[in-house]
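Here is the structure we will look at.
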Amino acid sequence: MKEKIPTRIYLTEEEMPKFWYNLRADMKDKPEPMLHPGTLKPVTADDLAPVFCKSVIDQELDETTRLVPIPEAIQDFYRAYRPSPLIRAYYLEKALGTPAEIYYKFEGTNTSGSHKLNSAGPQAYFAKEAGLTSLTTETGAGQWGTAMAMACAFYDLKLIVYMVKVSSEQKPYRKALIETYGAHLIPSPSNTTESGKKILASDPNTGGSLGCAISEAIETAVKTDKCRYVLGSVLNHVLLHQSVIGLEAKTALDRYGIKPDIIIGCAGGGSNLGGLLSPFMGDKLAGKSNTRFIAVEPASCPSFTRGRFAYDFGDTAKTTPLIKMKTLGNGFIPSANHAGGLRYHGMNSTLSKLHNDGFLEARAETQTDVFDAAIRFMKVEGILPAPESSHAIKAAIDEALVCKKTGEKKVILFGLSGTGFFDMTAFASYSDKTMNDYIPTDADLERGFATIPSI
Ligand SMILES: *Cc1c(COP(=O)(O)O)cnc(C)c1O
């Protein structure tokens, strides 16, 4: 008789990953290099040195090393909250009446509430190792700011978090948590930087934006001695750190001889999906599997499904290197809604390339449909999902219902990137039926595309 798969699968200490996996090394057609916006030549480590810490720059530019050793100290950091559970969704399968097997990797068990701690820990460690004393970053929805505050507390580094002003007002408990871990939180725009002052002078009542918070964080990092800037998504070194998600999931499934037919993740800047799919995509590129991969994004911010594949800036102030990616334009402003962490105009360059080359599918979902799926899931599985993660739930349920029609017994794996404990305002607006399902018109998108530089 076949062994019954446990509801929760945890790795043993010996099974835990000792290396991160760099998917780019196994791609025959690699993502285009980042370009210096002045010279339009590929960026060098020296170009990035004033902003980022050396170890992460080396990882960012390295597209040949397949397996990057996880320093012993970071393996130890991970031990505080990993392995994360791989959960067989027996209750959801039963509720849907599907013959499909559904699994999800749950990254919301640490206090920051999401997968972001997987990269916050390494980035703080590399900064400490390099002799830096402080870091700066920005946060929108607040998960990244919390994860960095935790990591900097652990490694005894000072941290300044520029939090988008409206978010700091709308999510007071996120702000309190970041400050309780010891970070210095500054609502952005602020008068602590030239870029902040400039924006305040032209619009004193602005609620701020992620693009503005990024500019303030970079400016402060560059001006401060022994200080650098850290980013929680989009870049390839973040994907590298997040590969622990996929490596753990693959080891757990391999133990039972399970091969996923479909892998699904939500996509904001692409880090949780990229981390989950990396080792499985490596197998697909090597011709060893025929797995389908699906990115799910909000219909309000559809970078994959309606964006252009072009070189664009990572921030609205146009200060970053140019990245070849699926983008809505650095000036694209999504409608105010609750998909929080998924409201970014661009997408990681590796995932953009895989999408463009036909290895990664994408779909966009409206918010109400996503919350319908979240509630269906949480009522039977018990876990309160983050609104971002619920995009993946929606697609997993849809695929399981296709199996119900066809009778196919497919194996579906999805990433549950976080919990929704700090998102109850969004769940309340779903219950009140005041949720906003605005989908940008083609004219809205054209305004964003017009901000993509022509090079
Ligand atoms: C930040 C965040 C996301 C989106 O970011 P990615 O880099 O695309 O993973 C998704 N889910 C949760 C819970 C987040 O905190």
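Return the residues of the range 444-455 that are crowded, with 18+ Cβ neighbours inside 10 Å and of a type in the set (A, V, I, L, M); say none if nothing qualifies. Passing the criteria: only ILE452. For PRO37, the criteria (1) modelled with pLDDT under 95; (2) in a helix (DSSP H, G or I); (3) not aliphatic (A, V, I, L, M) hold in every case but one, which is (2). For the range 210-220, give me the residue count where each residue is over 20 Å from LEU322 (Cβ atoms) and either open to solvent by 10 Å² or more (accessible area, probe 1.4 Å) or modelled with pLDDT of 95 or more (or both). Count: 1. You will find that of GLU60, GLU32, GLU93, GLU15, the residue that is of a type in the set (D, E, K, R), in contact with a strand residue (DSSP E or B) (Cβ under 7 Å, 6 or more places away or on another chain), outside any strand (DSSP E or B) and over 30 Å from ASP398 (Cβ atoms) is GLU32 and no other. Considering the range 259-319, the qualifying strands (runs of 3 or more DSSP E), each wholly inside and each with 1 or more residues that are more than 16 Å from the ligand (Cβ to nearest atom) and open to solvent by 10 Å² or more (accessible area, probe 1.4 Å), run over 292-298, 308-313.
Taking the criterion of being crowded, with 22+ Cβ neighbours inside 10 Å and not in a helix (DSSP H, G or I), the residues of the range 339-361 that qualify are ALA339, ARG343, TYR344, HIS345, GLY346, MET347, ASN348, LEU360. Taking every residue in the range 103-117 that is of a type in the set (Val, Ile, Thr) and pairing it with any residue that is more than 8 Å from the ligand (Cβ to nearest atom) and in a loop (DSSP other than H, G, I, E, B), at least 6 positions away or on another chain, the pairs with Cβ-Cβ distances below 8 Å are THR109/TYR81; THR109/SER84; THR109/PRO85.
Checking LEU401, LEU384 one by one, the residue that is open to solvent by 10 Å² or more (accessible area, probe 1.4 Å), away from the ligand (no atom under 16 Å from the Cβ) and modelled with pLDDT of 95 or more is LEU401 and no other. Summed over the range 226-248, residues that are more than 15 Å from the ligand (Cβ to nearest atom) and more than 24 Å from LYS318 (Cα to Cα) total 3. Whenever a residue of the range 342-364 is under 18 Å from THR139 (Cα atoms) and within 12 Å of the ligand (Cβ to nearest atom), its partners that are of a type in the set (D, E, K, R) and assigned to a helix (DSSP H, G or I), lying with C-beta atoms within less than 7 angstrom and at least six residues away or across chains, give the pairs LEU342/GLU388. None of MET150, MET163 is outside any helix (DSSP H, G or I) and either modelled with pLDDT of 95 or more or farther than 20 Å from LEU384 by Cα (or both) except MET163. Close contacts from the range 248-271, counting a first residue that is of a type in the set (Lys, Arg) and a second that is away from the ligand (no atom under 16 Å from the Cβ) and outside any loop (DSSP other than H, G, I, E, B), with Cβ to Cβ under 7 Å and a gap of 6+ residues or different chains, come to LYS250/PRO279; LYS250/PHE280; LYS259/VAL411. For the range 140-163, a residue qualifies if it is open to solvent by 10 Å² or more (accessible area, probe 1.4 Å) and within 16 Å of the ligand (Cβ to nearest atom), and the qualifying residues are GLY140, ALA141, GLN143, TRP144, MET150.
Quick one: in the range 367-381, of everything that is of a type in the set (Val, Ile, Thr) and surrounded by fewer than 19 Cβ atoms within 10 Å (Cβ to Cβ), which residue is farthest from VAL238 (Cα to Cα)? Among those that are of a type in the set (Val, Ile, Thr) and surrounded by fewer than 19 Cβ atoms within 10 Å (Cβ to Cβ), it is VAL380. Looking only at residues of the range 75-86 that are of a type in the set (A, V, I, L, M, F, W, C) and buried (at least 20 other Cβ atoms within 10 Å of the Cβ), we find that the one that is nearest to ALA151 (Cα to Cα) is PHE77.
Residue-wise test of (1) modelled with pLDDT of 95 or more; (2) more than 19 Å from the chain's Cα centre (by Cα); (3) of a type in the set (Gly, Ala, Ser).
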{"position": "ALA295", "(1), (2), (3)": "yes, no, yes"}
{"position": "ALA310", "(1), (2), (3)": "yes, yes, yes"}
{"position": "GLY331", "(1), (2), (3)": "no, yes, yes"}
{"position": "ASN337", "(1), (2), (3)": "no, no, no"}
{"position": "GLY346", "(1), (2), (3)": "no, no, yes"}
{"position": "SER352", "(1), (2), (3)": "yes, no, yes"}
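For the range 98-139, a residue qualifies if it is surrounded by fewer than 19 Cβ atoms within 10 Å (Cβ to Cβ) and under 15 Å from ALA396 (Cβ atoms), and exactly one does: PRO99.
Taken over the range 404-455, the criterion of being more than 16 Å from the ligand (Cβ to nearest atom), closer than 30 Å to LYS175 by Cα and free of Cβ contacts under 8 Å to residues at least 40 places away in the same chain is satisfied by ALA428, SER431, ASP432, LYS433, THR434. Considered as a group, the residues in the range 406-443 that are surrounded by fewer than 18 Cβ atoms within 10 Å (Cβ to Cβ) and hydroxyl-bearing (Ser, Thr, Tyr) include one that is nearest to THR366 (Cα to Cα), and that residue is TYR438.
The values are calculated or read from the model by the stated rules, or taken from the named source; none is laboratory data. This is a predicted model, so every value here is computed, not measured. Methodologically, a virtual Cβ is constructed for each residue, glycine included, from the backbone with ideal geometry; neighbour enumeration extends over all protein chains shown. For accessibility, only protein heavy atoms count, side chains too; no ligands or nucleic acids. Shrake-Rupley method; radii C 1.70, N 1.55, O 1.52, S 1.80 Å.
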